[in-house]
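Report on the structure given below.
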Amino acid sequence: MRYLSTRATDSTQRKRFCEILLEGLAPDGGLYLPESYPQIDGATLNRWRGLPYADLAFEILSLFVDDIPADDLRALCRKTYTPEVFGTAAIVPLTRLEDGLYLQALSNGPTLAFKDMAMQLLGNLFEYELARRGEELNIFGATSGDTGSAAEYAMRGKKGVRVFMTSPDGRMSPFQQAQMFSLLDDNIHNIAIQGVFDDCQDLVKAVSADLEFKRKYKIGTVNSINWARLMAQVVYYFAGYLQATTRNDQQVSFTVPSGNFGNVCAGHVARMMGLPIAQLVIATNENDVLDEFFRTGVYRVRGTADTHETSSPSMDISKASNFERFVFDLLGRDAARTADLFGVQVQRQGRFDLGADPAFALAASRYGFASGKSTHQDRLNTIRATWNKYGVVVDTHTADGLKVAQEHRQPGVPMLVLETALPIKFASTIVEALGREPERPAKFAGIEALPKKVHVMAPDVQAIKSLIALACDGAASA
Ligand SMILES: *Cc1c(COP(=O)(O)O)cnc(C)c1O
């Protein structure tokens, strides 16, 4: 298996899995995709029924990874997907709400959000590959919540990796702050920046723009465009399908609470591999970049003033960073056109319009996409209705999914709504909807009172660089 960039017009540039594992964007600004999607036949799907999640992950990953020995890859999967880390033997269990409507739990990992599903694997893959190369990596990022904590919980204690994670001082929920700042591992560095999230992102950009510093201190990222993260997410679409069906002539649909298009893009890959998925339904919140595209063909990046702070904050995006992958497929893998749309039109005008292009109709008819949006009031109504009708409390992102799923159900096709976080992470909206606090998993009892490790700093590029240099050089001389 080789990987190409969505903007590569030159076929000599193809790379193997471990070459792109530690990378983000391709050098030409595109995103990596496999040069073709492996095809799954009915006999294979039958063989996979009943496999434990870790072994299913191994089978699927093997189709995309040919430069890690099979025994090592299997061991990495078994080390990652354990009931101890993910709470149940099924790892991603289904809950039946009523006939034909299910929740698929992706949020029982260490940070109670679906990003653990991929990030936990990434932690083990990074440690393995860095040891093999005799290299180190310093992950430097900005977070307003879910991504940063998932990265820290995945990388804590891992050899060869340090994490420097900036977050806006005092702006995360007390629960999120406690989750991150209570990590006392030597390789985890929490940096609370006196400013807003954009200040944190600007710092990351400024440090990364210093190529000399970046090279010397081996600075990298773990953002959602990383191919290995997307690949790990393909597995739970298969696991959901296999739980909801008994025979391969049955189809299911998925509804996916979406922001950067990472989660649902994995669903697209699963469908391209031949998994019998009828529809992939995208649910957005008030930040409806994706819903607008799937309704009209217009992809329009939002400015800061046009990006809303909502009660499903992990979907508050101004552009959908993985979307280019799907558009590349939609346009018949035309790299020159993809480069023009994302590298020229989006850069210059902040938008493009495929509404009049014959390819646009294929998004629904050939690729199974549908979409909808949900607002704060919808979220409150859905959280209440789900509690009243089924006795289940859902988080705000999952509520967006359930609301939109109801608009797209088809007779005879089970609808699986991906549960992307647990309610405790977004407690204030649950209180607003239900008048009481959500349940807290036992392992998080009293975390707000644990000792915390965090540097509070002004948004000062030089000071951040000194902190990183000191942590790295100090470790080297110790
Ligand atoms: C990140 C996140 C999302 C959005 O996922 P994308 O891959 O960015 O589309 C939805 N819900 C929760 C809870 C998240 O953390």
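The values are calculated or read from the model by the stated rules, or taken from the named source; none is laboratory data. Worth saying up front: this structure is predicted, and the values here are computed from it rather than measured. Using ideal geometry, Cβ is built from the backbone for each residue, glycine included, and neighbour counts are taken over all protein chains shown. Surface accessibility is based on the protein's heavy atoms, side chains included, excluding ligands, DNA and RNA. Shrake-Rupley method; radii C 1.70, N 1.55, O 1.52, S 1.80 Å.
For region 309-327, taking the residues that are of a type in the set (Gly, Ala, Ser) and open to solvent by 30 Å² or more (accessible area, probe 1.4 Å), the one that is nearest to the ligand (Cβ to nearest atom) is identified as Ser314.
Number of residues in region 157-182 that are more than 15 Å from the ligand (Cβ to nearest atom), in a loop (DSSP other than H, G, I, E, B) and in contact (Cβ under 8 Å) with a residue 60 or more places away in the chain: the value is 2.
Taking the criterion of being away from the ligand (no atom under 16 Å from the Cβ), among the small types (Gly, Ala, Ser) and within 20 Å of Tyr237 (Cβ to Cβ), the only residue of region 92-128 that qualifies is Gly100.
Is it the case that region 64-83 has a residue that's in a loop (DSSP other than H, G, I, E, B), open to solvent by 50 Å² or more (accessible area, probe 1.4 Å) and within 30 Å of Val392 (Cα to Cα)? The answer is no, given that none of the residues of region 64-83 is in a loop (DSSP other than H, G, I, E, B), open to solvent by 50 Å² or more (accessible area, probe 1.4 Å) and within 30 Å of Val392 (Cα to Cα).
Evaluated against (1) touching a residue at least 12 places away in the same chain (Cβ under 8 Å); (2) open to solvent by 60 Å² or more (accessible area, probe 1.4 Å), Asn388 falls short on exactly one condition, (1).
You will find that of Ser224, Ser208, the residue that is modelled with pLDDT under 90, in a helix (DSSP H, G or I) and small (Gly, Ala, Ser) is Ser208 and no other. Those helices (runs of 4 or more DSSP H) of region 227-331 that lie entirely within it include none in which at least 2 residues are free of Cβ contacts under 8 Å to residues at least 12 places away in the same chain.
Taking region 6-22 as the range and being more than 20 Å from Phe326 (Cβ to Cβ) and either open to solvent by 20 Å² or more (accessible area, probe 1.4 Å) or in a loop (DSSP other than H, G, I, E, B) (or both) as the test, the residues that pass are Asp10, Ser11, Thr12, Gln13, Arg14, Lys15, Arg16, Glu19, Leu22. Can you name the residue in region 139-156 that is part of a helix (DSSP H, G or I) and open to solvent by 10 Å² or more (accessible area, probe 1.4 Å) and is also farthest from the ligand (Cβ to nearest atom) among such residues? Checking each candidate, the answer is Tyr153.
If you go through region 32-51 and keep only what is part of a loop (DSSP other than H, G, I, E, B) and either charged (D, E, K, R) or more than 12 Å from Phe238 (Cα to Cα) (or both), you end up with Glu35, Ser36, Tyr37, Pro38, Gln39, Asp41, Arg49.
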